[in-house]
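Structure, as structure tokens:
The values are calculated or read from the model by the stated rules, or taken from the named source; none is laboratory data. Everything numeric in this text was worked out from a predicted model, so none of it was measured. As a convention, Cβ positions derive from the backbone with ideal geometry for all residues, glycine included, and neighbour counts pool all protein chains shown. Ligands, DNA and RNA are stripped out before the accessible areas are found, and what is left, the full protein with its side chains, is counted by its heavy atoms. Shrake-Rupley method; radii C 1.70, N 1.55, O 1.52, S 1.80 Å.
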Amino acid sequence: KYFFLFQGYQGMVDGGDNIVEVSWESVSSILQVGGTVIGSARCKSFRTREGRLQAAYNLVQRGITNLCVIGGDGSLTGANLFREEWSGLLEELAQKGKIDEDAVKKYAYLNIVGMVGSIDNDFCGTDMTIGTDSALHRIIEVVDAIMTTAQSHQRTFVLEVMGRHCGYLALVSALACGADWVFIPEYPPEEGWEDSMCVKLSENRARKKRLNIIIVAEGAIDCHNKPITSEKVKDLVVQRLGFDTRVTILGHVQRGGTPSAFDRILASRMGVEAVLALLEATPATPACVVSLSGNQAVRLPLMECVQMTQEVQKAMDEGRFVEAVRLRGRSFENNLNTYKLLSHKKPDAELPKTNFNVAVLNVGAPAAGMNAAVRAAVRVGITEGHKMFAVIDGFEGFARGKIKEISWGYVGGWTGQGGSILGTKRTLPAKYLEKIADQMRTNNINALMVIGGFEAYLGLLELSAAREKYDEFCVPMVMVPATVSNNVPGSDFSIGADTALNTITDTCDRIKQSASGTKRRVFIIETMGGYCGYLANMGALAAGADAAYIFEEQFDIRELQANVEHLTEKMKTSIQRGLVLRNENCNENYTTDFIYQLYSEEGKGVFDCRKNVLGHMQQGGAPSPFDRNFGTKISAKAMQWISKKLKETYRKGKVFANTDDSVCLLGMRRRNLVFQPVAELKNETDFVHRIPKEQWWLKLRPLMKILAKYKTSYDVSDSGQLEHVAMHSPKEAETGAI
């Protein structure tokens with residue numbers, strides 16, 4: 001039996017209609033609704049023992065002994081205290097004659113599992129809390145809109161974002177929009193910051209930059225723990241520089257709106273993990289929270305996480321800011337280090353001079369976030385002392401000599417731009433090897449960074465094979481995966497896939513809404529992805545679809561028939577619309593038209609059908625916060641690897657690198673970013689269908705089916721085991737999470 005506890009702990013204390021048994025249909029159509037449909041409330045009475053006694057009584061009356069709590073550290077601490085007091089509360093209820101001794105024995109233990117729902121991402125132990133990504137979407141939408149008006153009027157904008165005790169939203173949005181300055185509580189500016197900031201703003205204006213963006217977390221402080229408010233920053237800019245300056249306080253806009261695709265999938269995965277943790281819980285296991293580490297679900301002891309979260313605040317109160325950043329975790333530290341690296345250009349005199357030339361190019365189809373990756377590569381390269389060259393139009397442009405040196409300022413404002421500013425082509429290098437080698441020699445290119453999809457991977461394999469004939473290709477080469485299809489071996493994610501997923505999810509939401517006025521309608525939606533079913537499968541999970549047809553899981557007419565019958569049954573309930581996603585290449589005979597006609601025929605008299613081919617809109621649009629951030633950080637890391645390899649392979653006045661480990665792909669693998677030689681990835685690749693042989697997201701396939709009310713088994717072998725919250729060393733932040 002499952003129950004909703006309405007209005008949080010208040011509902012638990014008040015009992016009555018606040019505790020309601022729920023059915024499958026109770027949670028239908030809530031996936032796309034922001035906020036919480038079961039309500040949430042701060043509860044003073046639950047902080048008292050009397051309140052908790054009443055709450056325990058209300059739960060026992062309904063036989064509830066397993067609680068899943070979704071909230072911040074306050075809610076989770078309260079849940080843990082409740083669990084610790086449980087047996088004492090039951091004994092007290094028995095003494096007062098409210099429950100009998102049998103009930104005390106029968107309901108002797110309370111199991112608790114927590115999921116962290118907080119837009120601030122202020123909870124230690126998890127890389128992302130539920131709601132953070134959606135809040136970033138709201139902030140970035142506003143920043144993108146403000147940028148156009150600021151550029152028109154040559155204005156400075158001070159944006160205040162939420163985060164009373166945690167600067168995550170401010171930091172990541174600054175990283176995602178290339179803000180000029182950011183104020184966060186964990187990393188206050190040094191003494192004299194007023195002068196430094198004004199110098200930076202006026203330098204940017206002198207470089208013809210028409211807008212300045214300053215982001216302030218609401219809890220921002222200086223190094224003496226004094227508040228830095230958005231008004232104070234505005235007054236400073238106006239007084240010192242006379243710039244036309246405006247303040248925008250985003251406020252509760254950040255909490256609202258529909259959840260992003262990332263949040264829907266994260267919350268669905270965490271929900272499953274929470275139920276598994278409850279089923280496996282014993283009186284001896286500590287209350288745990290389910291959380292995310294990289295791309296891996298983990299379970300951590302609740303109180304260890306709460307204690308570390310409180311340690312951060314304590315460190316900030318005592319002025320131990322370096323410690324506070326470290327306690328926040330490797331993802332936060334990585335964000336901060338990357339922001340510092342990319343936002344402030346050192347004077348030329350202070351930059352090292354390596355005399356190395358590094359070329360950057362985009363290969364394959366456009367993917368949102370490519371430009372953020374190019375910007376990060378160029379700026380990190382310049383900081384490391386290299387000359388950075390941009391290749392226009394991929395390998396084809398390279399062969400034609402479309403290559404030029406680019407500066408720090410040239411890539412300013414690129415983070416939020418969709419598509420590929422450098423231009424990109426699918427052409428592979430094999431037929432241009434001679435010409436590309438000539439260009440490498442002419443421009444003295446000592447290293448290559450390729451940002452792209454499956455063609456980029458094939459291209460590096462071809463260049464690597466050509467090393468025997470051409471010494472010019474004996475240089476370090478690295479690939480950063482960027483494709484909406486997410487079909488590159490060696491990485492769980494690729495730049496652009498999150499943006500495409502959000503496009504699919506938004507479209508599915510609108511399509512579902514269009515059906516709400518029409519009774520009983522099923523939509524067949526075709527997604528991109530080549531032979532890779534990532535977009536179809538994850539889009540189905542995020543949009544609450546009834547089925548997703550993909551190439552990786554072959555299907556026949558019997559399965560199609562079963563799906564139609566399943567939908568027919570569903571239409572007899574109060575849920576009167578259906579959604580079916582189909583990957584463009586899932587089956588050459590069961591086309592989108594065929595499936596549409598089959599459903600139309602079989603559903604006659606019960607439901608009617610519509611079809612929708614999403615097409616290239618999945619490649620376009622402004623990049624999502626995740627793709628901007630992922631592209632920026634993965635690319636910065638790739639450039640640091642190039643610098644390291646250049647030093648290692650520089651002998652007798654030239655760079656010579658001909659080993660397999662000098663041609664790598666940088667990918668996200670479960671918890672870590674890993675450099676993998678492309679030669680080693682060959683065995684993991686299905687070259688005919690251009691997909692990896694094994695794909696992590698297929699394990700989520702049963703989850704999609706279960707949520708669509710199919711009876712299927714869920715593989716629990718990959719579920720998280722209880723771990724301890726690890727304190728990381730500063731070195732680990734470099735190798736670690738996104």
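Listed by chain and number, the lysines placed with their C-alpha closer than 29 angstrom to that of residue 96 are 1, 44, 105, 106; residues fewer than eight positions away on the same chain are left out. Counting only protein chain heavy atoms and rolling a 1.4 Å probe, the accessible areas of 137, 252, 689, 344 rank, largest first, as 252, 344, 689, 137. For helix 433-442, what angle does its Cα long axis make with the longest principal axis of the chain, in degrees from 0 to 90 and rounded to 10? Compared with the principal axis, the helix lies near 70 degrees.
Straight-line cross-link partners of residue 572 among the aspartates and glutamates, defined as a Cα under 17 Å from its Cα and at least 8 positions apart when in the same chain: 25, 546, 602, 608. Looking at the chain, the accessible area is 41 square angstrom per residue; that uses a 1.4 Å probe and ignores ligands, DNA and RNA.
Rounded to a whole number, what % of the accessible area of segment 133-255 do carbon and sulfur atoms account for, probe 1.4 Å? For segment 133-255, the apolar C and S fraction of the accessible surface comes to 51 percent. Treating r as the C-beta distance of residue 3 and residue 258 and R0 as 25 Å, the FRET efficiency rounds to 0.45. Among 229-235, 109-115, 272-278, 622-628, sorting by the average number of other beta carbon atoms lying within 10 angstrom of each residue, highest first, gives 622-628, 109-115, 272-278, 229-235. Rounded to the nearest 10 degrees, the angle from helix 302-317 to the longest Cα principal axis of the chain is 60 degrees.
Taking 0.36 nm per residue of separation and subtracting the current Cα-Cα distance, fully stretching the chain between residue 239 and residue 278 would add 8.2 nm. Potential lengthening of the chain between residue 616 and residue 45 amounts to 200.1 nm, from the contour at 0.36 nm per residue minus the alpha-carbon distance. In summary, the lysines within cross-link reach of residue 699, defined as a Cα separation below 22 angstrom excluding same-chain residues under 8 places away, comprise 709, 711.
Take each peptide in 193-204, 355-366, count the other Cβ atoms within 10 Å of every residue, and average; sorted highest first, the result is 355-366, 193-204. Annotation: the antiparallel percentage among DSSP beta bridges lying fully within the chain is about 25. In a simple Cβ point-charge model (Lys, Arg +1; Asp, Glu -1; nothing else charged), the chain has a dipole of about 1480 debye relative to its Cα centre. Along the charge dipole of segment 1-99, Cβ charges K/R +1 and D/E -1, which of 46, 3, 28 sits furthest on the positive end? Most positive-ward Cα: 46. Spatial offset of segment 64-126 relative to segment 289-332 amounts to 23 Å, using the alpha carbon center of each.
Using 7 Å Cα-to-Cβ label points, what is the residue 100/residue 23 separation (nm, one decimal)? Distance between the two pseudo-spin positions: 3.2 nm. When peptides 697-708, 479-490 are sorted by average Cβ neighbour count within 10 Å, with the highest value leading, the order is 479-490, 697-708.
What does the net charge come to around residue 549 if you take all other residues with beta carbon closer than 15 Å to its beta carbon, with K and R at +1 and D and E at -1? Local charge sum for residue 549: -4. Averaging the sequence gap over all C-alpha pairs within less than 8 Å and six or more residues apart, then dividing by the number of residues, gives the chain a relative contact order of 13 percent.
Shape class of the chain from the Cα gyration tensor (axes a ≥ b ≥ c, square roots of the eigenvalues): oblate, since a/c reaches 1.5 or more and a/b does not exceed b/c. Using only the Cα atoms of segment 161-250, build the gyration tensor, take square roots of its eigenvalues as a ≥ b ≥ c, and label the shape rounded, prolate or oblate: rounded if a/c is under 1.5, else prolate if a/b is larger than b/c, else oblate. It comes out prolate by the Cα gyration axes.
If you average the alpha carbon positions of segment 138-165 and of segment 461-492, how far apart do those two centres end up, in angstrom? Between the Cα centres of segment 138-165 and segment 461-492 lies a distance of 38 Å. Surface calculation, 1.4 Å probe, protein heavy atoms: residue 410 sits at approximately 90 Å² accessible.
Since only 614, 583, 594 are under comparison, the one whose Cα sits farthest along the positive direction of the charge dipole of segment 539-642, derived from C-beta charges on Lys, Arg, Asp and Glu, is 614.
Enter the angle in degrees (range 0 to 90, nearest 10) between the Cα long axis of helix 592-602 and the first principal axis of the Cα atoms of the chain, meaning the one along which they spread out most. Roughly 20 degrees between the two axes.
Of interest is the spacing of the C-alpha centroids, which for segment 539-615 and segment 645-716 amounts to 31 Å. If you sort 639, 128 by accessible surface, 1.4 Å probe, largest first, the order is 128, 639.
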